[in-house]
Amino acid sequence: MTANHDLTGKTIVVTGATSGIGRAAVRELAGRGAWVLGVGRSPERCREARDAILAEHPDARLAFAVADLSSQRQVRKLACEIRERVLAEGGGKIDVLINNAGVVPGWYTATEDGYEMQFAVNHLAPFLLTYELMPLLQAAPEARVVTVSSSSHRGARIRWGDIMHRRYYHCLLAYKQSKLANVLFSAELNRRLGPASRVRAYAADPGLVNTEIGQKHTSGFIEWFWRQRRRRGATPEQGAKTIVFLASDPSVRGSDAVYWKDCRPLPPSRYAQREDVAARLWSLSERLCGISWAG
Ligand SMILES: NC(=O)c1ccc[n+]([C@@H]2O[C@H](COP(=O)([O-])OP(=O)(O)OC[C@H]3O[C@@H](n4cnc5c(N)ncnc54)[C@H](OP(=O)(O)O)[C@@H]3O)[C@@H](O)[C@H]2O)c1
């Protein structure tokens, strides 16, 4: 049983806020009084999501920003916009960043930076956005970075010789690698910040959720497979529960656990716990984003 904590005074940024799990999380968090800044890739879908949530919660403090997270240029521009809006309306700090946006395109797609789409949107965008927003997270009395992973990370390895899956692309293999990267990133961020840091990172596993994710940019067997599979999934509201819990529940702070499912800590795969793998992925991600966290 989880409590519905009042979030008045909290500032929360949520990517992938226009559909599925992210949209359900925004509705819940804004309904509890947080100032929520949702991010979507389409202005129309942002407007539609905002209007629908405001129709349910007319007093909600809710804003949307538009960015295609497959583009590092747009991630950086988004961070500037978030900074300006948080300084003007959000109390000058971010209490929670929820890296939720995700894709599973059925065919190999290169981003404008020349990277594989899933690796770019599902892993590099959270990595870069978290880096850009870290000063605002550190300005909060106690901040959380929640990155939405999946049980799909189990059985996956980082394919060091072909991390962009250029030689052989299968959407589920690329997806599993990107969700593994979410866990490795969260664990390594905590190690780098250190135990005394006011910022902590978590990877949330929402379980199987009935959303359209596997029917966007897919066709044939993958589209059919997801159409069947999603019927067994939970509602987006149920899927958002662990994310909302990690964003809001004070008890989370007392745990060192990184990976959470059903509002409880759960060990991720053994490979996801390997510090050497996490450190290597971190260095590579820095290089691919052209940044250095150390300074
Ligand atoms: N559904 C599941 O069973 C399940 C299970 C485990 C983990 N997850 C994870 O949960 C997260 C949310 O997925 P979901 O199932 O809720 O899927 P969804 O309904 O398709 O939502 C994905 C969100 O990400 C946005 N997005 C996609 N590409 C983007 C880009 N290039 N730039 C900016 N935003 C982008 C989408 O925008 P549009 O609205 O414009 O499409 C949408 O708001 C993902 O990280 C996924 O890996 C899902």
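Just so you know, all these numbers are worked out from the coordinates, no wet-lab data involved. This is a predicted model, so every value here is computed, not measured. With ideal geometry, Cβ positions are generated from the backbone for all residues, glycine too; neighbour counts draw on all protein chains shown.
Starting from the Cα of Lys77, draw a straight line to each of the aspartates and glutamates and keep only those under 16 Å, dropping any in the same chain fewer than 8 residues away.
Once the sequence-local aspartates and glutamates are set aside, what remains near Lys77 is Asp68, Glu112, Asp113, Glu132.
What percentage of all Cα-Cα pairs in region 1-80 are separated by more than 22 Å?
Here the long-distance tail beyond 22 Å is 22 percent of all Cα pairs in region 1-80.
Where does each of Ser150, Ser19 land when they are ranked from fewest to most other beta-carbon atoms within 10 angstrom?
Numbers: Ser150 24, Ser19 19.
So the ranking, lowest neighbour count to highest, is Ser19, Ser150.
For a paramagnetic label modelled at 7 Å from the Cα of Arg227 toward its Cβ, which residues of region 199-214 fall within the zone defined by backbone nitrogen distances under 20 Å?
Residues 209-214 fall inside that zone.
Among rounded, prolate and oblate, which fits region 158-295 when a ≥ b ≥ c are the square roots of the eigenvalues of its C-alpha gyration tensor, a/c under 1.5 means rounded, and a/b larger than b/c means prolate?
It comes out oblate by the Cα gyration axes.
How many angstrom lie between the Cα centre of region 211-271 and the Cα centre of region 170-195?
About 14 Å separates the Cα centre of region 211-271 from the one of region 170-195.
With just the Cα atoms defining each centre, how far is region 144-160 from region 32-102? Give it in Å.
Their Cα centres are 24 Å away from one another.
Within a 10 angstrom radius of the beta carbon, how do Lys77, Lys10, Lys93 rank from fewest other beta carbons to most?
By the 10 Å Cβ count, ascending: Lys77, Lys93, Lys10.
Quick one: Trp107, Trp260, fewest Cβ neighbours within 10 Å first, how do they rank? Write down the numbers at each step before the final one.
Numbers: Trp107 12, Trp260 23.
Ordered by Cβ neighbours within 10 Å, fewest first: Trp107, Trp260.
For the chain, set up a Gaussian network in which alpha carbons nearer than 10 Å are linked by springs, and say which option among Ala88, Ala110, Ala247 fluctuates the most.
So, out of Ala88, Ala110, Ala247, the one fluctuating most is Ala88.
Work out the P(r) tail for region 11-289: percent of alpha carbon pairs separated by more than 26 Å, whole number.
Percentage above 26 Å: 37.
Excluding same-chain residues fewer than 8 positions from Lys241, which aspartates and glutamates have a Cα within less than 16 Å of its Cα?
Straight-line reach from Lys241, under 16 Å: Asp6, Glu28, Asp205, Asp249, Asp262.
Taking springs between alpha-carbon atoms closer than 10 angstrom, which of Val148, Val96, Val277 fluctuates most in the Gaussian network model of the chain?
In the Gaussian network model the winner is Val277.
Scan around Ala234 for amide H atoms under 5 Å from its own, H built in the peptide plane at 1.01 Å from N, and keep only partners 5 or more places away or cross-chain.
Leu208, Val209, Asn210
Looking only at the chain, where both bridge partners belong to it, what percent of the DSSP beta bridges are antiparallel (to the nearest 5)?
Roughly 10 percent of the beta bridges in the chain run antiparallel, per DSSP.
Sort 28-40, 161-173 by packing, meaning the average of other beta carbons within 10 Å per residue, with the highest value first.
Put in order of decreasing packing, that is 28-40, 161-173.
For region 1-137, give the share of DSSP beta bridges that are antiparallel, in percent and rounded to the nearest 5; count only bridges with both residues there.
Taking every DSSP beta bridge with both residues in region 1-137, the antiparallel ones total about 5 percent.
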